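Visitor: Let me give you the structure first, and then I'll get to my questions.
No lab work stands behind these numbers, since they all come straight from the coordinates. Predicted model only: the values in this text are computed from it and were never measured. FYI the Cβ positions are ideal-geometry reconstructions off the backbone, even for glycines, and counts take in every protein chain you see.
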Amino acid sequence: MSILSYNGGCVLAMTGKDCVAIAADRRFGVQLRTITTDFQKIFQMSPHLYIGLPGLATDTQTVRDRLNFRLRLYELREGRPINPKAFGQMVSNLLYERRYY
């Protein structure tokens, strides 16, 4: 079985008045085969910033690590925490850079 078949999942986020919610499944496997039911797909990037990353496990870890690096670099250069809009742009730029791979 190809490693490319071990992917998928679901992440759902919603906002309300003065609140947000983000949820994800925790299953990692393919078809009827479950490898683990404790696979993390939601990551805390800063005290008030979270990101949900479903998909291939190695890609999820790579994207999380690269975003974490860029986030820390931003905070060092700017001397302040990043706002959600700027973080969203950072995610967009990272994904656009790798669009043909």
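Visitor: Can you classify the chain as rounded, prolate or oblate using the Cα gyration tensor, where a ≥ b ≥ c are the square roots of its eigenvalues, rounded means a/c under 1.5, and otherwise it's prolate if a/b beats b/c and oblate if not?
Guide: Working: a/c = 2.39, a/b = 1.49, b/c = 1.60.
The shape class here is oblate.
Visitor: Moving to a separate point now. Around residue 50, which amide H atoms from residues at least 5 apart in sequence, or from another chain, sit under 5 Å from its own amide H, with H modelled in the peptide plane?
Guide: When sequence neighbours closer than 5 places are left aside, the close amide H contacts are 45.
Visitor: Using +1 at the C-beta of Lys and Arg and -1 at the C-beta of Asp and Glu, which of 30, 60, 12 has the Cα lying farthest in the positive direction of the dipole of the chain?
Guide: Positive-most Cα among the choices belongs to 60.
Visitor: Arranged by the count of other C-beta atoms within 10 angstrom, fewest first, what order do 20, 63 take?
Guide: 20, 63
Visitor: About the Cα centre, and with charges only on the beta carbon of Lys, Arg (+1) and Asp, Glu (-1), how big is the dipole of the stretch 3-97? Nearest 20 debye, please.
Guide: About 60 debye.
Visitor: Given H placed on each backbone N at 1.01 Å, which residues far from residue 29 in sequence or on other chains put an amide H within less than 5 Å of it?
Guide: 35
Visitor: Can I ask one more? I'd like the Karplus ³J(HN,Hα) series for the stretch 36-45: coefficients 6.51, -1.76, 1.60, θ = phi - 60°, whole numbers in Hz, and an x wherever there's a Gly or Pro.
Guide: Along the stretch 36-45, the couplings run 8, 10, 10, 8, 7, 10, 10, 10, 8, 8 Hz.
Visitor: If we count other beta carbons within 10 Å of each Cβ, what is the order of 18, 65, 25, fewest first?
Guide: Values: 18 5, 65 11, 25 14.
Lowest to highest Cβ neighbour count: 18, 65, 25.
Visitor: Moving on. I need the calculated FRET efficiency for the pair residue 64 and residue 26, taking r as the beta carbon distance and R₀ as 22 Å, to the nearest 0.05. List each step's numbers first, then the result.
Guide: Details: r = 16 Å, r/R0 = 0.71.
Plugging the Cβ-Cβ distance into 1/(1 + (r/R0)^6) gives 0.90.
Visitor: For a quick check, take a GNM of the chain with Cα springs below 10 Å and name the residue from 66, 27, 80 with the largest mean-square fluctuation.
Guide: Largest GNM mean-square fluctuation: 80.
Visitor: Taking the 0 to 90 degree range and rounding to the nearest ten, how far is the long axis of helix 57-78 tilted relative to the main principal axis of the chain, both from C-alpha atoms?
Guide: The angle comes out at about 10 degrees.
Visitor: Whole-Hz ³J(HN,Hα) for each residue in the stretch 20-25, computed from phi via Karplus 6.51 cos²θ - 1.76 cosθ + 1.60 with θ = phi - 60°, x for glycine and proline: what do you get?
Guide: 9, 9, 9, 9, 8, 6
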